[in-house]
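Structure record follows, encoded as structure tokens.
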Amino acid sequence: MSDTPPPNPDFDTMTRDIAEVPAVEVIVTVAVNLMSAAAVKLGLTEEGDEHKDLDEARKLVTALAGLLDASTTEISSFHAAPLRDGLKSLQLAFREASLVPDEPGQGPGEKYTGPVYG
């Protein structure tokens, strides 16, 4: 076994690679990552409550809502509609998981989306 660490990726190559990615793809990828992380923190994965952390979930859902609100005019409805549906599902899951649900309009991301009802 070698003690030599693997070489670091060439920064110029990484910069060139990211430069070739369309902005819409970057936005959608970040949104999907936020959705996935929020689902884990809400206990919606196979592991269930093992990683559940509603404080962390609130932050992730709010960040997702802010990203979608800010980028609505930048991404097509083809991309935006399923992301908004996913956001609403996460917001409803948060409300259901909370021992004391937030008032309508006070839940995670609702300052961007307005009140979410099931």
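Please treat every number below as a calculation from the coordinates, not as lab data. Note that the structure is predicted; figures quoted are calculated from it, not measured. Methodologically, a virtual Cβ is constructed for each residue, glycine included, from the backbone with ideal geometry; neighbour enumeration extends over all protein chains shown.
Summary table
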{"quantity": "Gaussian network model of the chain, springs between alpha carbon atoms under 10 Å - residue of 84, 95, 16 with greatest fluctuation", "calculated": "16"}
{"quantity": "Integer Hz, Karplus 6.51/-1.76/1.60 couplings in order for the range 33-41, x for Gly and Pro", "calculated": "5, 5, 4, 5, 5, 5, 4, 4, 5"}
{"quantity": "Packing-based ranking, highest mean first, of 46-55, 60-69 given that Cβ atoms within 10 Å are counted", "calculated": "60-69, 46-55"}
{"quantity": "Residue order, fewest to most beta carbons within 10 Å, for 13, 113", "calculated": "13, 113"}
{"quantity": "Per-peptide average of other Cβ atoms within 10 Å, ordering 71-78, 32-39, 103-110 highest first", "calculated": "32-39, 103-110, 71-78"}
{"quantity": "Nearby aspartates and glutamates by direct alpha-carbon distance to residue 41 (threshold 17 angstrom, same-chain neighbours under 8 apart not counted)", "calculated": "49, 50, 53, 55, 56, 96"}
{"quantity": "20 °C / 1.002 mPa s Stokes-Einstein diffusion coefficient of the chain, Kirkwood radius on C-alpha pairs, µm²/s", "calculated": "135"}
